Amino acid sequence: MKERRQSRWRKLDNAAQAFPAATGKKDSRVFRFYCVLREKIDAGRLQSALDRTLEKYPLFRSVLRKGLFWFYMEPREIPALVRAEDRPPCSRIYVPDQKKLLFEVSYYKNRINFEVFHGLTDGTGAMQFLKELVRNYLMLTYPDAVFPEPDAGETLTDSDYEEDSFSQYYTGKKSGNRRSRKAFQLGGERLEQAEMKITELSLSASEVHKKAREHGVSVTAYLAAAFLYAIYEEVPKSGLKRPVSLMIPVNLRNFFPSGSMTNFWSWIETAYDFREDTTLEDVLEKMKEAFGKDVLKEEISNRMNDLVRLEKNLFLRAVPLEIKNLFLLAGTTLGGRSVTAVYSNIGRIQMPPEYDGYIERFGFFASTDKMQMCSCSYGDSLVLGVTSKIIGPNICRNFIRILENDGVECRIEKNDFPGYHEKPSRRALMGLKIFSFTCTAAVVVCWMLNYLLSFGKWWAGYVTAGVFCTWLLIMVGYRKRKNPLKNGMWQLVIVALGSLLWDIFTGWQGWSVDYVIPLAALVNMLSMVIISLAGRMETSEYLFYLVQAGAGGLIPFILLAAGAVSVPYPSVICSGVSLLFLLGLVIFKWKDFVREVQKKFRV
């Protein structure tokens with residue numbers, strides 16, 4: 001097994017805890033930043049630029065791994081490869097048990113795309129990475145030109161970039177209970193992830209800023225009010241009994257000094273109880289109040305303290321991760337009931353004037369399970385990216401009309417995504433469905449024949465059990481295919497329990513404990529060693545599973561000591577080999593073993 005330099009691991013930050021549990025086919029939890037240059041992108045130079053950028057920000061070379069109690073990030077020497085854009089925007093990046101980087105860089109014509117799983121970083125960290133990537137690309141393209149650092153300032157270290165700022169600024173102060181009201185939810189048929197509707201609007205940043213100032217609000221408050229009002233115009237009269245609410249992420253770096261590139265954000269919920277005579281000015285006044293600096297800081301500080309307090313609760317920390325995930329998913333689902341839509345504003349993207357002749361604009365949008373609007377500006381170009389999984393509502397149309405009636409001109413950008421509506425292959429899934437149907441049909445036919453030809457001799461029950469065992473092994477093998485070592489442990493458990501049950505219900509003969517369990521444990525250990533060697537896995541990838549395999553190989557000794565085994569040879573051989581296996585791991589991999597235990601059992 002290949003040895004590599006050990007690198008640091010870090011716990012998942014507070015804001016990202018729910019993302020692994022909540023991500024799936026309905027919402028990938030991926031967002032995209034892109035930069036449109038004034039020339040066509042060269043793939044080779046972009047690859048070199050990406051390599052340079054990762055040298056500065058190595059924390060992006062991380063994979064998400066599971067401990068027994070928490071997720072954690074661990075660096076991996078996995079190559080980050082630039083590719084031509086060929087998938088639907090914001091396609092799934094994080095897949096459980098698949099060791100892959102949590103971002104992707106692609107290009108199309110003169111556009112550089114940077115897509116990130118939200119568990120890795122937030123919008124601020126992603127934009128910082130993209131700006132450095134663009135700088136490196138331009139430096140390689142124009143070696144004689146001068147391109148200053150986009151975010152020149154205090155020199156930061158890798159530890160600064162990886163800082164868990166939530167824990168750093170957690171005060172422990174308790175806040176009063178804030179009960180969110182159930183908000184109006186947009187109805188309609190839902191689109192698949194690959195079919196997510198994307199609408200991009202271009203506005204003049206100076207026009208929007210001027211209009212917001214006339215109303216006495218910030219740009220974020222102005223656009224949020226227009227978005228709320230656009231949604232309200234699609235609410236039926238029966239829906240007015242509930243407020244229309246926006247979830248608005250807030251960059252905590254604006255309130256606490258932090259150079260972290262991990263997630264460091266909170267959010268506010270701006271709900272408004274609309275009536276039939278509500279005007280845009282009424283909503284603007286509400287937004288002005290909600291975005292007051294003192295009110296805003298108090299709300300997000302309280303929310304941050306509440307969430308970190310939950311993470312630090314001793315009882316909750318000791319709850320196994322799989323159970324935590326159920327509660328995190330339930331909390332995310334229930335929390336979404338107080339939100340109608342999401343509006344995220346990254347703000348003004350600043351680059352030194354030397355870049356003006358090379359960059360046309362930046363853009364930003366995100367995957368969503370309902371509706372979300374994202375905005376960013378560069379120069380005088382303000383780009384709004386509206387994404388939706390809901391068929392029907394004319395909210396974008398309403399939004400444009402509201403702004404134009406207020407004197408702000410809007411232009412709809414033509415979507416130019418080559419992978420748009422490109423549905424992923426379903427061949428493997430169809431194969432599993434055919435296999436499941438075939439197994440079901442075989443069972444039904446056997447019971448029919450059993451009843452018609454040999455009533456009273458229920459041999460079809462044995463066939464059903466055998467077919468079910470085969471089906472279960474195949475299905476688990478497919479579901480866990482991304483991690484062959486974990487797959488091996490699951491198969492060992494299924495074979496051991498299946499053989500025991502089969503032995504019991506067919507009249508106990510003892511063959512399951514005499515032969516099947518010890519031989520299965522030996523085969524599992526051998527296969528894991530072979531897979532680890534063939535895959536050239538890093539120590540941290542295989543060690544914990546090898547320990548589990550060795551521990552599983554001691555079960556025959558327990559059965560032997562309990563007097564359940566009548567043929568001792570397989571059990572003695574399996575137990576002896578397993579003991580030597582574990583001792584070898586402890587002797588030769590002790591430091592790695594301790595490190596893995598610290599990561600996996602971090603409470």
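The values are calculated or read from the model by the stated rules, or taken from the named source; none is laboratory data. All of these numbers come straight from a predicted model, not from anything done at the bench. Cβ atoms come from the backbone with ideal geometry, glycine included; neighbour counts cover every protein chain shown. Note: areas computed on protein heavy atoms with side chains; ligands, DNA, RNA excluded. Shrake-Rupley method; radii C 1.70, N 1.55, O 1.52, S 1.80 Å.
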Report the calculated FRET efficiency for K173 and I78 (r = Cβ-Cβ distance, R0 = 45 Å), to the nearest 0.05.
0.65
Proximal lysines to K56, defined as alpha-carbon separation beneath 24 angstrom and excluding residues fewer than eight positions away on the same chain
K11, K99, K100, K131
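When the helix-only estimate is applied to the chain (DSSP H runs of n ≥ 4, each -39,500 (n - 2.57), divided by the residue count), what is the mean residue ellipticity at 222 nm, nearest 500 deg cm²/dmol? List each step's numbers first, then the result.
Details: 20 runs with 270 residues, N = 603.
The helix contribution divided over the chain gives -14500 deg cm²/dmol.
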Answer label for semi-axes √(5λ) of the Cα gyration tensor in Å (calculated), chosen among (1) 54, 26, 22; (2) 56, 33, 20; (3) 50, 30, 24:
(3)
Taking Cα atoms, the helix 427-453 axis meets the longest principal axis of the chain at an angle in degrees (rounded to 10) of 40 degrees
Students often forget the sequence filter, so: which lysines lie under 16 Å Cα-Cα from K286 once same-chain residues fewer than 8 apart are removed?
none
For region 453-603, max minus min Cα coordinate along each principal axis, in Å, sorted largest first?
63, 36, 33
Going toward the positive end of the dipole of the chain, with +1 on Lys and Arg Cβ and -1 on Asp and Glu Cβ, which of P257, S512, L140 do you reach last?
S512
Per the rule of 0.36 nm per residue minus the C-alpha distance, extending Y515 to L533 adds in nm 3.7 nm
So if R0 is 22 Å, what FRET efficiency would D380 and D416 give, r being the distance between their Cβ atoms, rounded to the nearest 0.05?
0.55
Simple label model, 7 Å out from Cα along Cβ direction - V319 to T470, nm
4.2 nm
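In the chain, carbon and sulfur make up what percent of the accessible area (probe 1.4 Å)? Before the final figure, lay out each step's value.
Working: 17490 of 29390 Å².
The value for the chain is 60 percent carbon and sulfur by accessible area.
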Label point 7 Å out from E298 along Cα-to-Cβ: which residues of region 264-285 have amide N under 18 Å?
267-271
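To check you understand DSSP bridge types, tell me what percent of the beta bridges within region 242-362 (both residues inside) are antiparallel, rounded to 5.
Values: 8 of 10 bridges.
For region 242-362, the DSSP antiparallel bridge percentage is about 80.
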Relative to the first principal axis of the alpha-carbon coordinates of the chain, what is the inclination of helix 205-214, with its axis defined by its Cα atoms, in degrees from 0 to 90 and to the nearest 10?
70 degrees
Pairwise FRET efficiency - T440 versus L583, Cβ, R0 = 56 Å, nearest 0.05
0.75
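Between M430 and E289, what is 0.36 nm times their sequence separation minus the Cα-Cα distance? Round to one decimal in nm.
On the way: separation 141, 0.36 × 141 = 50.76 nm, distance 5.34 nm.
Computed gain between M430 and E289 is 45.4 nm.
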Average accessible area per residue (Å²) across the chain - probe 1.4 Å, nucleic acids and ligands excluded:
49 Å²
Would you kindly state how much longer the chain becomes between E404 and D97 on full extension, computed as 0.36 nm times their sequence separation minus their alpha carbon distance, in nm to one decimal?
105.7 nm
Can you tell me what share of the DSSP beta bridges in the chain is antiparallel? A percent to the nearest 5 is fine.
85 percent
Any idea what angle helix 293-312 forms with the longest principal axis of the chain, computed on alpha-carbon atoms, 0 to 90 degrees, nearest 10?
10 degrees
Among T464, P96, S578, which residue has its Cα positioned farthest towards the positive end of the charge dipole of the chain, with +1 placed on the Cβ of Lys and Arg, -1 on the Cβ of Asp and Glu, and the dipole taken about the Cα centre?
T464
